[in-house]
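Right, one structure below, let's go through it.
Only the coordinates and a few stated rules stand behind these numbers; no lab work does. From a predicted model like this one, the values you see are computed outputs, not experimental measurements. Counting neighbours? That spans all protein chains shown, and the Cβs are built from the backbone with ideal geometry, glycine included.
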Amino acid sequence: MNKVSRIGGFIIPILLLACVIPSIFSNTIWVDEAYSVELAKHSIRDLIITDAMDVHPPLYYIILKAGYLIGAPFFQSNLVWTGKFVSVFPYIILVFIGLTIVRRNYGAFAGLLFSIFIVSMPQMLIYSTEIRMFGWGMLFVFCAFLSMTQIMNNEKPKVYAYMLLTVFSALAAYTHYFACAAAIVIYAEIIILEFVRRRFKLLPMLLLSGIGVVILYIPWLLIFFKQVATVSENYWIPPITMDSVLEYSKFLITVGQPAADAILYAIFIIGVVLSLVLCLKKKCYDGLFGILVWVGTILLGIILSLIIRPVFVSRYMIPAAACMWLGISISYSRIDRKLIKIVVLLCVLFVGVISNRRYYYDENYYRIQTDYSIDTIRDSVDDATIILSNDNQIQRVVGYFFPNCHNIVLGAELSDLTAAVYKDVRLGAINSISEIKDISDSMIVLDSDGTLVTELTEYNVEKIESLVIGPYSFDAYSANLK
């Protein structure tokens, strides 16, 4: 029986991880993913220079670029598929860590529970194949946290633990600024704890570790301050409200199905209470500290949003998510009663199956709709065709698939950053329909809200079909400008 349990403990997370494989082979993307793909086409030098114009650090795009150079031939040179696999890869590493290092440090139950959380909780699934930096940021933050626990749980920590904390914290900072925030929380935890425990002899090494992160970050530091100045002047994120704070608290634990939500909320709340009990009664800090990385990242996001301007949205807590789920897993692993552990595992599996099922059906729907929409547009265009839209996000996503067409947006500006990133795509912006005649005679119109077609009454406009590409829905029309 024990042998069967051990085998099941390895197979279950792997089977759940396999559920994301079909999503790798999907062309469904949204505008930020199109941005990632286009930026990664640049040379490393141009990539870094162009990224400096934006508000993110460059490491993820370098990783994505490397993924294209190595992996694209295995995915029929489809950069979207390759990019999705690059995003899945840190999840594969996290499951491996869960089944090995977490299992060794905290027990088989904690390793199994953590691995299931990583590949079956709702937001974890959604961001597993999104062509963005969140999975890699989460991996680096988690590795920094594990390195910190090696310092925290040893009387004489090895030097390599401090070195790993330094390296992984720097990698996190180079991946996403809120991965950097999570790393700052990790340093705050260990420094405060060692002050409380009066282990002052560890503080010089921790200070050196923190200085090491700053030194490693010096090449990007001036650009970071420039980006902060840009954000402080203008940024797209709306102001934080009480509704926003409530959304932050529920973001990682909401499936969207009442029974699954109720179970997951209960698992989370009980896990937090258990972590507090373990901390206060047994001086076991790992579980609580993992959860506090998540809490601290949210608090830093709120504080920075109040001091500078709104800079935090729910998905920016993803880099701290693995630490949170580890904290919950550790807390439940300390329960002595086997029956309770079985019930918890079954509840987590129930939620995981519901979450995976919803994820699979949603992804499959958008995959089919996106492929159909791309084929429909392809049948109606050539390189001289104008693709006119009234939504700049639709323009850029469609532009990725049809880079040689004249991708024009009405009533929006084309920024220097967008022009630089999409250098291989023919993007343009106009303020009046009359400007179209100077470009081409044939046109496809992608109307997202029903207003664009009303401005084309003087042309012969015929509806093709209602289409969907990723999160964008629109009516497609053909128009003859002669």
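Got a sec? Charge dipole of the chain, +1 on Cβ for Lys and Arg, -1 for Asp and Glu; which of Ala320, Ser128, Leu202 is way out at the positive end?
Leu202
Can you tell me the length gained on complete extension of the stretch Asp416 to Ile374, counting 0.36 nm per residue apart and subtracting the Cα distance?
Difference between extended and current length: 12.4 nm.
List every DSSP H helix in the chain whose Cα atoms extend 27 Å or more along the helix's own long axis and whose mean Kyte-Doolittle hydropathy is at least -0.5.
Correct list, ordered by number: 79-97, 177-196, 203-233, 258-282, 286-307, 338-378.
Would you mind getting me the FRET efficiency between Asn431 and Tyr365? Use the beta-carbon distance for r and R0 = 30 Å, nearest 0.05.
Working: r = 36 Å, r/R0 = 1.20.
Efficiency computed from Cβ-Cβ geometry: 0.25.
Test of understanding: what is the full-extension gain from Asp449 to Leu221, defined as 0.36 nm times their sequence separation minus their Cα-Cα distance?
Extra length available between Asp449 and Leu221 comes to 77.9 nm.
Divide by every residue of the chain the summed helix terms, -39500 (n - 2.57) for each DSSP H run of at least 4, and state the resulting mean residue ellipticity at 222 nm, rounded to the nearest 500 deg cm²/dmol.
-21000 deg cm²/dmol
How much FRET efficiency would the formula 1/(1 + (r/R0)^6) give for Phe200 and Leu299, where r is the Cβ-Cβ distance and R0 is 22 Å, rounded to 0.05? Don't jump to the answer; show the numbers that get you there.
On the way: r = 27 Å, r/R0 = 1.21.
The value I calculate is 0.25.
Please report, in debye to the nearest 20, how large the charge dipole of the chain is about its Cα centre when each Lys and Arg carries +1 at its beta carbon and each Asp and Glu carries -1 there.
Magnitude of the dipole: close to 3600 debye.
On full extension of the chain, what length is gained from Ser249 through Leu346, given 0.36 nm per residue of separation minus the C-alpha to C-alpha distance?
Once the chain is fully extended between Ser249 and Leu346, it gains 32.5 nm.
Please list, by residue number, every one of the chymotrypsin sites (Phe, Trp or Tyr not before Pro) in the range 183-244 that is coil in DSSP and has at most 11 other beta-carbon atoms within 10 Å.
Trp236
Only bridges whose two residues both fall in the chain count here: according to DSSP, what percent of them are antiparallel, nearest 5?
Close to 55 percent.
Normalising by the residue count of the chain, find the relative contact order in percent from Cα pairs under 8 Å and 6+ residues apart.
Relative CO of the chain lands at 17 percent.
Which pairs break 28 Å Cα to Cα here: Lys158/Lys338; Lys156/Lys250; Lys250/Lys423; Lys437/Lys463? Mind showing how you got there, number by number?
Values: Lys158/Lys338 35 Å; Lys156/Lys250 39 Å; Lys250/Lys423 39 Å; Lys437/Lys463 20 Å.
Pairs exceeding the cut-off: Lys158/Lys338; Lys156/Lys250; Lys250/Lys423.
For the range 380-480, what proportion of DSSP beta bridges, expressed in % and rounded to the nearest 5, is antiparallel?
Working: 15 of 27 bridges.
Roughly 55 percent of the DSSP beta bridges within the range 380-480 come out antiparallel.
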